[in-house]
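Working notes, beginning with the structure itself.
Every number here is computed from the coordinates shown, using simple stated rules; none is lab data. Computed from a predicted structure; not experimentally measured. Every residue, glycine as well, gets a Cβ built from its backbone with ideal geometry; the counts of neighbours run over all protein chains shown.
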Amino acid sequence: MNIRVVVILMITALLFACSKEDNNVKVDAGHTVTFSVSQSRSSQYGNFEDGDAIGVFVYEASSKRVRYLNSKYVYNGKTFVPSSESDNIRVLSGASYNFYVYYPYAVGNSDATSISHTIPDQSAESGWIDADFLTATYDKPLVDYCVPLNFKHRNSTLQLIVTDGEGIDGAKIENIQTQSHYNLLDGTITKGSSKETKGMYLYSNENGISTFRITLPEQVIGDDNPISLLKSGQAVLKLKAATAVQLEAGKVHDYNLGYKKTVRINDYTTGGTTTGAGKYALKSTCTVTATPKTGHTFVGWFVNDQLISANRNYSFPVLEDVTLTPKYKSYGEYGAWSYSNLRLTASPSTIVATGGTSTITAKADRQRTRPVLWNGKATGETDKQTQTGEDVTASCTFSGNATGFTVSGNKVTAQRNTSGSSRSITVTGQYKGMSKTVTVTQSSGTTTYGDWVITVSASPETIAAAGGTSTITATAKRDVLLNGTKIDTETRIPTLSGSATGFTLSGKTVTASNNTTVSVRSITITATVDGKSKSCTVNQSAGVKSYGEYGVWSYSNLRLTASPSSIVATGGTSTITAKADRQRTRPVLWNGKATGETDKQTQTGEDVTASCTFSGSANGFTVSGNKVTASENISSSSRSITVTGKYSGLSKTVTISQSGGTISETYTFELSSGSLTYRIESTGGTVSYTVNSYKTRTVNGIAEKLAVDYTATSNVVWITTGKTSSAVTDNPNTEMRTGTVTLKQNGSGKTITITIKQQKKVIIDIN
């Protein structure tokens, strides 16, 4: 707001003025100088008040000789007037002068090149107002002996804005420069060396936003100047600026602090989805969740490429703004197969003397790799796929040469061996640059045996789903040959083997347990004699799953929510909602038989408000059903109620708060009639005046006007004061005398000063 101040320096004709110079009084006759003042307080609000004082230095323009030294002028409600007669400033006609002015006035400032100003603690408004420092200079020719003063702010205001402050009502800033020395002649500033901690003025507090201000000399506010946030005088948090702030004279600098912090998620939508991003109260717990998509595996949560958690559900305290990146693993395309470990087998490995054929089988191992990707980017890591024992017979080339043998493809044929010695052939197989050999032998021409002929069967072949048994029947026989001619038949009882889930084999009996799957299951029974085998399969029908009756519901996890959770100061109603989870079970039957398995039915978040009972008691609150009503809060402090909800043996509480009332007081203290200056005859008299003295108290937007009492005092004994009038006694002196009446308002301390000048006693000699 703008301040328009006119300072009138009053002089009386034919009187001499005194100037302060080197503590000596020098008398000059001259002209009264008028000061016109136009100034905007950009770093503070309000107008000059009664009693505000400025200091004035006057120099001769040519000689730079000081003419007036720290003359004090006091604001009387409309203009600045000299504090005393010795403070009056007069100038000579035709002379040139330079005027240097500062605010606020301080006793003892005798050097215009070093005016000291120290800022006070600014926890209260008065300290913030007193921290302001203004200077003005005029060095141009005088027009009608009027000096126009344009004040400049030499200090700066730092404005701290705390959002979502949750009851923050105070702030302090550390290590700030508090003192400066101002050179009025050239405008330079010398900083003091001391640093202190000062409180900040709570400029406004509305809608959860607290604004604090402090006026300081020019300086840089950075890491060395932490700010403590207070609740009821106790520090709850200390913060530092992310970026340094250079304070500039006459400016208000915003310094924003978010009491809530932001959790951001740098999603990779191809790999998965996430939840949990948003704004959180400082030091609260945030839980983020990642759900990978098909073909992707969650790796972990990263901050600045640093792994902080490998859990999909990650909880952490929120201490600062943070950006999380979920990373998912996926795979690129496989490369070509590479082969190793070629091996050959011959079946049979020995051909009977009468001749026959052996089949060569070639197998090899193979592997291939594919790149591992994190969020679609290669990491250098690979995934290996290995297959052991791949049949490569069809692509393998075979060769070999021996008497009585021929090789064709993967077949080795032996003619009838008529010698008494066995014989053999070495077959070489080649595949993918690899080479391997296998040897096939042929028996000598002696007694030989035919192959075992094995029969095996099951009765029944299919067992019922509920379980049962099947009987295995197995036989084996072979021909006995002498030099290739059959001479006998040999028989043997085969060995039975086999295993499978749900089946047991004991002797010739296969037993199946209750089939608790919806699929047909089977066991292969193998009859073996001398390495020869034959198998049969016993099946069991698929199981049939059914269910018994559900039991009663059981409840858990009762939770209460209040909407709204905070009621405004003027009052209102909050509605409480109760929800709980419930579950019940039923038996699972397989093929009509209980297995001990159960099926669970769960319902989450069932609304049980209607069946829930609510109770709670606190001043200013009433509870009716699920409604909590708050009356108007006429206190500046917030209040709350804790409501207990009970349902099905469960109990839970929820707290509802109400904001403190908004209370403010504004004082008015002014003359409604009368004058600030009176002239009284030497014989005495009475001066009368009327004063408006009241305060306006506003509670939650409703204003009330209240009368405020005040006192009246005088600085001289010849004035008898009253609240509406003052009496002046007879002046016995031959000199004019001046006194003041001071009216002071209770509570605010505001004053009104009335100056009374009484004429001198006129003495007449008659001869």
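3J(HN,Hα) couplings calculated from phi for the range 400-413 with the Karplus curve 6.51 cos²θ - 1.76 cosθ + 1.60 (θ = phi - 60°) are, in sequence order, x, 8, 7, 4, x, 10, 10, 10, 9, x, 9, 10, 10, 10 Hz; Gly and Pro show x. The range 352-366 and the range 708-740 have Cα centres lying 138 Å from one another. Separation of the range 631-673 and the range 380-424, taken as the distance between their Cα centroids, equals 95 angstrom.
Averaged over all directions, how much area does the convex hull of the C-alpha atoms of the range 663-758 cover when projected, in nm²? Don't skip to the answer; put the middle values down first.
Details: hull surface 24.2 nm².
Seen from a random direction, the Cα hull of the range 663-758 projects 6.0 nm² on average.
Gyration tensor over the Cα atoms of the range 261-330: the corresponding equivalent ellipsoid has semi-axes (square roots of 5 times the eigenvalues, largest first) of 21, 11, 10 Å. Here the contact order of the chain, divided by its residue count and restricted to Cα pairs under 8 Å and six or more residues apart, works out to 5 percent. From least to most packed, judged by other beta carbons within 10 angstrom and beginning with the fewest, 556, 408 follow the order 408, 556. Partner lysines whose Cα lies under 29 Å from the Cα of residue 600, excluding those fewer than 8 positions away in the same chain, are identified as 293, 545, 579, 646, 652.
Quick one: compute a quarter of the convex hull surface over the Cα atoms of the range 425-487 and quote it in nm². Working shown, then result.
Details: hull surface 37.5 nm².
The directionally averaged projection comes out at 9.4 nm².
Close amide H pairs (under 5 Å, H built 1.01 Å from N) link residue 448 with 481, 482, 483, 484, residues at least 5 positions away or on another chain. Straight-line reach from residue 757: taking Cα to Cα under 21 Å and skipping same-chain neighbours fewer than 8 places apart, the lysines in range are 72, 78, 723, 744. For the range 75-211, the share of alpha carbon pairs falling in successive 5 Å distance bins from zero is 2, 8, 14, 16, 16, 14, 10, 8, 6, 4, 2, 1, 0, 0 percent.
Let me know the shape class of the range 324-427, please: from the alpha-carbon gyration tensor, a ≥ b ≥ c as square roots of the eigenvalues, rounded when a/c is under 1.5, otherwise prolate if a/b is greater than b/c, or oblate. It would help to have the intermediate numbers written out before the result.
Numbers: a/c = 5.94, a/b = 4.96, b/c = 1.20.
Prolate, because a/c is 1.5 or more and a/b exceeds b/c.
As a length-normalised measure over Cα pairs under 8 Å and 6 or more apart, the relative contact order of the range 547-658 settles at 30 percent.
When the range 175-294 is described by a simple charge dipole with +1 on each Lys and Arg Cβ and -1 on each Asp and Glu Cβ, the residue from 193, 252, 239 located farthest towards its positive end is 239. For residue 593, a cut-off of 18 angstrom between C-alpha atoms picks up these aspartates and glutamates, skipping any fewer than 8 places away in its own chain: 549. Here the range 247-368 is treated as a Stokes sphere of Kirkwood radius computed over C-alpha pairs; at 20 °C and 1.002 mPa s its diffusion coefficient rounds to 107 µm²/s. For the range 436-594, take every pair of Cα atoms, bin their distances at 10 Å starting from 0, and report each bin as a whole percent. Per 10 Å bin, starting at 0, the Cα pair percentages come out as 9, 20, 15, 14, 11, 8, 7, 6, 4, 3, 2, 1. Evaluate the relative contact order of the range 261-330 (contact order divided by residue number), counting alpha-carbon pairs under 8 angstrom at least 6 apart; express in whole percent. Normalised by residue count, the contact order of the range 261-330 is 41 percent.
Here the Karplus relation 6.51 cos²θ - 1.76 cosθ + 1.60, evaluated at θ = phi - 60°, turns the backbone of the range 284-301 into coupling constants of 7, 9, 10, 10, 10, 10, 10, 10, x, 8, 4, x, 10, 10, 5, 9, x, 9 Hz, with x for every Gly and Pro.
Which entries of 198/238; 363/432; 172/231; 172/195 show an alpha-carbon separation above 23 angstrom in the structure shown? The partial results should precede the final answer.
Numbers: 198/238 14 Å; 363/432 12 Å; 172/231 12 Å; 172/195 13 Å.
As for pairs spanning more than 23 Å Cα to Cα, there are none.
Whole-Hz Karplus values for the range 548-554 come out as x, 7, 5, x, 6, 6, 10 Hz, taken residue by residue from phi with 6.51 cos²θ - 1.76 cosθ + 1.60 and θ = phi - 60°; glycine and proline positions read x.
Database remark: amide H of residue 105 closer than 5 angstrom to the amide H of 53, 54, 55 (H placed geometrically; neighbours at sequence offset of 5 or more, or on other chains; Pro and chain starts carry no H). Taking a sphere under 12 Å around the Cβ of residue 693 and counting the other residues whose Cβ falls inside, with K and R at +1 and D and E at -1, yields a net charge of +3. Over the range 580-664, the pair-distance histogram of Cα-Cα distances with 10 Å bins from zero comes to 14, 29, 20, 15, 10, 7, 4, 1, 0 percent, rounded to whole numbers.
With a cut-off of 13 Å between beta carbons, the residues surrounding residue 383 carry a summed charge of +2, where Lys and Arg count +1 and Asp and Glu -1. The charge dipole of the range 54-155, taken about its Cα centre with unit charges on the Cβ atoms of Lys, Arg (+1), Asp and Glu (-1) only, comes to about 380 debye.
In debye to the nearest 20, how big a dipole does the chain give about its Cα centre with +1 on each Lys and Arg Cβ and -1 on each Asp and Glu Cβ? Please list the in-between numbers first.
Numbers: 74 positive and 59 negative charges, 724 e Å.
Around 3480 debye, computed over the chain.
For the range 261-330, the Cβ-based charge dipole about the Cα centre amounts to some 140 debye (Lys, Arg positive; Asp, Glu negative; other atoms uncharged).
Here percent of Cα pairs over 50 Å apart was calculated from the structure, and among (1) 57; (2) 30; (3) 36 it sits at label (1). The H on the amide N of residue 273, modeled in the peptide plane, is under 5 Å from the matching H of 291, 293, each at least 5 residues off or on a different chain.
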